[in-house]
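*Asks:* Please find one structure pasted underneath; my questions will follow.
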Amino acid sequence: MPPRLRALPRSPQPGTPGPLDARHFLVPLVEALSGRRPPQQLTALFPTRALKELPTTPTTTRLGRYRLCHVEPGKAELAGTLHTPTRTRAFAARVEHSGTRWRCTEFHLLP
């Protein structure tokens, strides 16, 4: 018997936000903090003022738990932890849909 085919999900209407995957923002951030990615590559995702907040010395960093909350259509908030060998830091971010993509509009790395 041939396998059953599933219907493909409908593509979103033009101008409506597609699904948001928080890892789209968090994985490049962790790579930049660890020194595996130049921070300049994050300019398409994060505001310039947020990039100035990041530490300049690369440190082994791993992503802890995080939460994503859609506060209204086209806007979401992220919160979670980043672990380094010596400390754990919390972060908070606001992500908004603009044009055809999601972009981080606010990012704070707490002390």
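*Asks:* Taking interchain pairs and intrachain pairs at least six residues apart, which have beta carbon atoms under 7 angstrom, with the first residue in the range 89-111 and farther than 10 Å from Ala79 by Cα and the second in a strand (DSSP E or B) and among the small types (Gly, Ala, Ser)?
*Replies:* Correct list of pairs: Val95/Ala76; Cys104/Ala93; Glu106/Ala93; Leu110/Ala90.
*Asks:* Given the structure, is Pro111 under 16 Å from Asp21 (Cα atoms), more than 13 Å from the chain's Cα centre (by Cα) and of a type outside the set (D, E, K, R)?
*Replies:* no
*Asks:* So which residues in the range 29-85 are closer than 13 Å to Cys104 by Cα, without any contact (Cβ under 8 Å) to a residue 12 or more places away in the chain and over 13 Å from the mean Cα position of the chain (by Cα), if there are any at all?
*Replies:* Of everything in the range 29-85, those that are closer than 13 Å to Cys104 by Cα, without any contact (Cβ under 8 Å) to a residue 12 or more places away in the chain and over 13 Å from the mean Cα position of the chain (by Cα) turn out to be Thr48, Arg49.
Values in this text are rule-based calculations from the coordinates and carry no lab data. In this text the structure is predicted, and so the values were computed from the model without any measurement. Note that each Cβ is placed from the backbone with ideal geometry, even for glycine, and that neighbours are counted across all protein chains shown.
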